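Here is the structure we will look at.
What follows is calculated from the coordinates using simple rules that are stated; it is not laboratory data. Note that this is a predicted model, so its numbers are computed, not measured. All Cβ positions, glycine included, derive from the backbone under ideal geometry; neighbour counts span all protein chains shown.
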Amino acid sequence: IGQDLAYAENGNSHPDDYQNSASYESQMYEHILTKAYGEKEEVKTHSIWLLFKNWFENEMIPNTRKMGITTYNCTEGGAR
């Protein structure tokens with residue numbers, strides 16, 4: 001299971017088959033530019049997704065390492 005934590009190029013926040021529509025969160029939040037995976041471009045995200053990303057990087061990953069749990073980065077796109 002992965003989360004891009006960024007809007008798709010077409011502005012959608014969710015997959016086309018999402019029950020509440022692909023653009024469910026597209027107009028809810030102010031769009032913020034952040035570095036894309038690979039750091040060569042930027043993608044649009046919003047403050048809540050950045051909060052998730054920062055928590056994952058700063059809290060979850062270090063704490064799971066302390067407990068001997070391996071976390072895999074399976075990113076193919078989205079926010080860096």
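Summary of computed values
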quantity	calculated
Proximal aspartates and glutamates to Lys66, defined as alpha-carbon separation beneath 15 angstrom and excluding residues fewer than eight positions away on the same chain	Glu57
Residue order, fewest to most surrounding Cβ atoms within 10 angstrom, among Thr34, Thr64	Thr64, Thr34
Residue order, fewest to most surrounding Cβ atoms within 10 angstrom, among Leu50, Leu5	Leu50, Leu5
Partners for Lys44 among lysines (Cα-Cα distance below 18 Å; same-chain residues under 8 apart left out)	Lys35, Lys53
Residue exposure sequence - Asp4, Asp17 - by fewest surrounding Cβ within 10 Å	Asp17, Asp4
At most 15 other Cβ within 10 Å, DSSP loop - chymotrypsin sites (Phe, Trp or Tyr not before Pro), the chain	Tyr18, Tyr24, Tyr29, Tyr72
